[in-house]
Structure formats: C-alpha cells, structure tokens
1. Look through 45, 49, 37, 59 and report the one residue that is in contact with a Leu (Cβ under 9 Å, 6 or more places away or on another chain) and either of a type outside the set (Val, Ile, Thr) or surrounded by fewer than 13 Cβ atoms within 10 Å (Cβ to Cβ) (or both).
2. Which one is nearest to residue 52 (Cα to Cα) among residues in the stretch 92-120 that are in contact with a Leu (Cβ under 7 Å, 6 or more places away or on another chain) and of a type outside the set (A, V, I, L, M, F, W, C)?
3. Are there any pairs, at least 6 apart or on different chains, whose C-beta atoms fall under 6 Å, with the first in the stretch 51-68 and part of a strand (DSSP E or B) and the second among the basic types (Lys, Arg), and if so, which?
4. So which of 56, 44, 69 ends up being at pLDDT 95 or above, farther than 26 Å from residue 138 by Cα and touching a strand residue (DSSP E or B) at 6+ places or on another chain (Cβ under 9 Å)?
5. Just one of 190, 215 is over 18 Å from the mean Cα position of the chain (by Cα), on the phi < 0 side of the Ramachandran plot, surrounded by fewer than 16 Cβ atoms within 10 Å (Cβ to Cβ) and at pLDDT 95 or above; which is it?
6. Filter the stretch 155-173 down to the residues that are at pLDDT 95 or above and hydrophobic (A, V, I, L, M, F, W, C), then identify the one that is nearest to residue 108 (Cα to Cα).
7. For the stretch 28-56, which residues satisfy the criterion of being within 19 Å of residue 67 (Cβ to Cβ) and either touching a His at 6+ places or on another chain (Cβ under 8 Å) or acidic (Asp, Glu) (or both)?
8. Go over the candidates 115, 96 one by one and state the one that is within 28 Å of residue 39 (Cβ to Cβ) and not acidic (Asp, Glu).
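The values are calculated or read from the model by the stated rules, or taken from the named source; none is laboratory data. The structure displayed is predicted, hence computed values, not measured ones. Positions of Cβ are generated from backbone atoms using ideal geometry, with glycine treated the same way; all protein chains shown enter the neighbour counts.
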Amino acid sequence: MRTLIVPAILTIFIFLSSHAQDDESLVEISRETFAKEGNIFVRLEDGKERQLTFTLSDEKPNLIDSRDLVIFVRNEKVVQEQKEYYRKKIMTVGINDFLEKEISSQKPYKDGVNNTTEIIRVDNPSVSSDGNYLFFLANHTSTTSQLIKLEISSGKWILLFSAEEYELLNSGLFKDYFLIGRNEPGAAGQMIYYYLVDQTGKKVKEFNSKESMNQFKQLIQQ
C-alpha cells in the first residue's frame, strides 16, 4: 500500500485558504442607494443593482434599511404662462415591491423667498438613526434657511431652527446631534458662525471656523 505524503507547506496553504473563504462568507455587504440619470437605484447585498424609479426626475435618495424603503426627492416641472419652474415632492419607494408613496408636497408655511407653500428647496436630506424622520434644509424667510424634521409616517413638518448648512452625526458620543453653520449677528458682525447643537438647537459647542468644526468631527469619529 502506498502512503500519500502531503507536504507541510501545502497543508498549511489549504488550511489558510479554507479559513479565508470562511471569513469572506461572513462579511456582510450593506445595501446602498444612489441616483443615476434622474432615477433611483439600490445596490443589493449580492452586489446587483436594482432600478426603483423611472421618471428621469428623481434625486437625493436615502436608504431606510429597516423598512426596505428609499426616501427621495422628485422634481416636477411646472409651466405657468411664460414662467417655468420646478417644485419638489418627497417620496418613498419600496425596495422589494417598487411601490411609491408621496410623503409631502407642501410646506406648512409660505417662505420669504418664493412666497409659496410649494417645496422649492430640499438641501442635504438625511435620515434619523431610527428611520422615523428626514432632516433637510428648506427656504424660510427671505434671508434664512430652516432645518426641517419631517415625520416620514405622517408627512408632518417640524421646524427646528435656522441654519445655512448642517450635518447630522449618526454615531458616537454625539449621535443625532448636528454640526451647523448659522447666519447671525455676533462679535465679528453678521456672518456664518459654527456650532454643535442638539435637536432643540441648543448650543453644545462653538467653533471659530468651519475648518475647526471639521477638525472636531474627525476627532470624534476616530
């Protein structure tokens, strides 16, 4: 009887390769959403892309993973006499059933820029960590923007505070806090000042510039 002798190096290689394959199978690939040519797509766990909308007018998608939904902005062209403009609707679409639902198409107030309750501006939309709210900037007065907290289930608008820019922190010590830039009078005159605030707008930390605010963000994300 012949005995098959497997070299030790080959045995180690086979052992390591099998464990590497096991490790690869344990890696979870998260779903993600994106807009392309005016339509909303989702990239699934297996890496395949699925097209969810087909209007050529959709943008700014955010994934609500726990509900198998994508919330996004739809642009609607309006022609009135010789005037053309785009108004916006906030929509959701199902990842599995493709069903669309309108969440909001009107503000609960007339803004000071366009004097309309139609939604003209939805900047930097971000979903809350629990998936229940959409935050974004909208026109408010003629000189200020407002951070909006939109309840996704009901379409209810909650006006939080004025801000010209913001970022929602979604992890760490200051999860669900905001980094904001706000146009207001101060020691250096009327200009944009930068803060860390909670969801009531209460100032938690002040920064002397946008650069120092970004340095702080990098520090807390380490």
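1. It is 37.
2. So, considering only residues that are in contact with a Leu (Cβ under 7 Å, 6 or more places away or on another chain) and of a type outside the set (A, V, I, L, M, F, W, C), the one nearest to residue 52 (Cα to Cα) is 94.
3. Here the result reads 58/74, each pair linking the stretch 51-68 to a residue that is among the basic types (Lys, Arg).
4. 44
5. 215 is the lone residue from the list that is over 18 Å from the mean Cα position of the chain (by Cα), on the phi < 0 side of the Ramachandran plot, surrounded by fewer than 16 Cβ atoms within 10 Å (Cβ to Cβ) and at pLDDT 95 or above.
6. 157
7. The answer is 28, 32, 45.
8. 96
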